[in-house]
Structure formats: C-alpha cells, structure tokens
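First the structure, in the form of structure tokens, and then the observations on it.
The values are calculated or read from the model by the stated rules, or taken from the named source; none is laboratory data. Just so it is clear, the model here is predicted, and its values are computed rather than measured. Note: ideal-geometry Cβ built from the backbone for every residue, glycine included; neighbour counts use all protein chains shown. Ligands, DNA and RNA are excluded from the accessible area calculation, which covers all protein heavy atoms including side chains. Shrake-Rupley method; radii C 1.70, N 1.55, O 1.52, S 1.80 Å.
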Amino acid sequence: MNPHKKISVMIVEDDMDFQFLIRRAILREPDMETAGCFDNPAAAVRAALQRPPDIVLMDLSLGKSVSEGISASRQIRLATDSKVLILTSYENPTTVVEAAVNSLAHGYLFKSHFDLLIETIRKTAAGATPQEFMIKSLLLSRLSPAERSVFEIMIGRDVTLHSSPKTISNQKTMVLKKLGFSSQNELMHIFADPDEPYSP
C-alpha cells in the first residue's frame, strides 16, 4: 500500500452513537479518512462498488439478522479489492468466526475491544493478518483432500492429478459449491493473490 495514501475506511453501522464513535476515532488519525457512513447494507454495497474503500467496517447485526451483514460483506468482497472487517457485539467466538468465514472477511473485532480498532485497521490495510489466515483456512477445511488438490489447480498452482478429466470437472463443481462461489473467477478473486495466505 502507498505509504503516503490515507487509508480510506467505510463505516457500515446502524447504531448511530457507535457509528459516531468510530468516525471520530478514524478522523483523529492523520493516516486515515472516512469513505462514507451507512446504516443500510444495500446503500453501503452500492457505494463500495462505485468507489471501493481500502477497509469496510461491517456491523454484523445490521437489520433483523446477521445474514444482512454477511451478505453485504460477500458482495463487496467478490466485486472489489476492499478488505472487510466484521464488527460485532456478539461475544460467542464460534458464532463470530463462522460469520467471518461466511462473509469472506479479512478479520473481525468485538465491539467491546474498541480500543483495538485503529491498530486492527492499520494491520489489515498493511497486508495479510493471522485472522485472515485463520478465516481462509477454515473456509478451505470444508474441502476433502482430493478437492483441495483440485482447488490448488483452480487457483493456478502446479499440481499433478491422476483422476480422469470427468472426475476433476465434477470435483471443481463441488469445490465451488462447498466454498459458496458461483464461478472460478470468484474463487480466483478471493484466493489467487500470492501475498495472501490461504492454507496452513
């Protein structure tokens, strides 16, 4: 990332008081700027697709369920190079990690750990983090060993397979289904960056 460029941060949070606290914290940092504040996930997605920020802070509990935050995060991740950080008031780590995996997020932050917000934004903007490593590894844990080998081929790695073309084709379809992608292009977009971790 250009060291002279400010980190642009989009805030997607429907608690107006918390949204204000986030915005104030970001504006205090000389290397950061806000890229809009939204309380509506659909509006946030439209804005992110039009002008992708560096970081999207996505409240997990937008609307009536966590599904809205997850859906918005996935749309942004699959269509842009923005990095998504999940914000959550849920304290159950299993629930939060599962949501982060389904969101294709780069990381997550408990709202109770607000003091770590700025540091987390900087580390995420700077490159791959241990949280991102964990999230991608958990996503790939859905694959069988054979499907994992096919996955490696799909992202352009040199792997020798002894299966028939028909079997490999079927496994590619299963890889996309298990990982929740509609095409190999989506899979490549999330995993093919050589600077990002995707496996232990």
Inset, instruction - Run Ser73 past the list (1) surrounded by fewer than 23 Cβ atoms within 10 Å (Cβ to Cβ); (2) part of a helix (DSSP H, G or I); (3) hydroxyl-bearing (Ser, Thr, Tyr) and report the number of the one that doesn't hold. - result: (1)
Inset, instruction - Test Leu176 against the stated conditions and say whether it is in contact with a Phe, Trp or Tyr (Cβ under 9 Å, 6 or more places away or on another chain), assigned to a helix (DSSP H, G or I) and not polar (S, T, N, Q). - result: no
Legend entry - Subset of the range 89-122 (residues that are surrounded by 13 or more Cβ atoms within 10 Å (Cβ to Cβ) and within 17 Å of Val9 (Cα to Cα)): Ala105, His106, Gly107, Tyr108, Leu109, Lys111, Phe114, Leu117, Ile118, Thr120, Ile121, Arg122
Legend entry - Looking only at the range 81-133, and only at residues there that are touching a Leu at 6+ places or on another chain (Cβ under 9 Å) and of a type in the set (Gly, Ala, Ser), the one that is farthest from Ser71 (Cα to Cα): Ser89
Legend entry - Among residues of the range 123-134, those that are open to solvent by less than 70 Å² (accessible area, probe 1.4 Å), closer than 25 Å to Glu29 by Cβ and assigned to a helix (DSSP H, G or I), counted: 4
Inset, instruction - Scan the range 122-177 residue by residue and report those that are among the charged types (D, E, K, R) and in contact with a Lys or Arg (Cβ under 8 Å, 6 or more places away or on another chain). - result: Arg142, Glu147
Legend entry - Condition met for Ser8 (in contact with a helix residue (DSSP H, G or I) (Cβ under 7 Å, 6 or more places away or on another chain) and touching a residue at least 40 places away in the same chain (Cβ under 8 Å)): no
Inset, instruction - Taking only the range 139-171 into account, find how many residues are open to solvent by 70 Å² or more (accessible area, probe 1.4 Å) and either assigned to a helix (DSSP H, G or I) or within 29 Å of Thr95 (Cα to Cα) (or both). - result: 6
Legend entry - Boolean, Leu49 is touching a residue at least 24 places away in the same chain (Cβ under 8 Å) and loosely packed, with under 14 Cβ neighbours inside 10 Å: yes
Legend entry - Every pair of residues 6+ apart whose Cβ atoms lie under 7 Å, when the first sits in the range 102-116 and is over 30 Å from Lys177 (Cβ atoms) and in contact (Cβ under 8 Å) with a residue 24 or more places away in the chain while the second is open to solvent by less than 20 Å² (accessible area, probe 1.4 Å) and not in a helix (DSSP H, G or I): Leu109/Leu85; Leu109/Leu87; Lys111/Leu87; Lys111/Thr88
Legend entry - Any chance Ile190 is touching a Leu at 6+ places or on another chain (Cβ under 8 Å), surrounded by 15 or more Cβ atoms within 10 Å (Cβ to Cβ) and more than 21 Å from Leu85 (Cβ to Cβ): no
Inset, instruction - Within the range 3-17, identify whether any single residue is over 17 Å from the mean Cα position of the chain (by Cα) and part of a helix (DSSP H, G or I), and answer yes or no. - result: yes
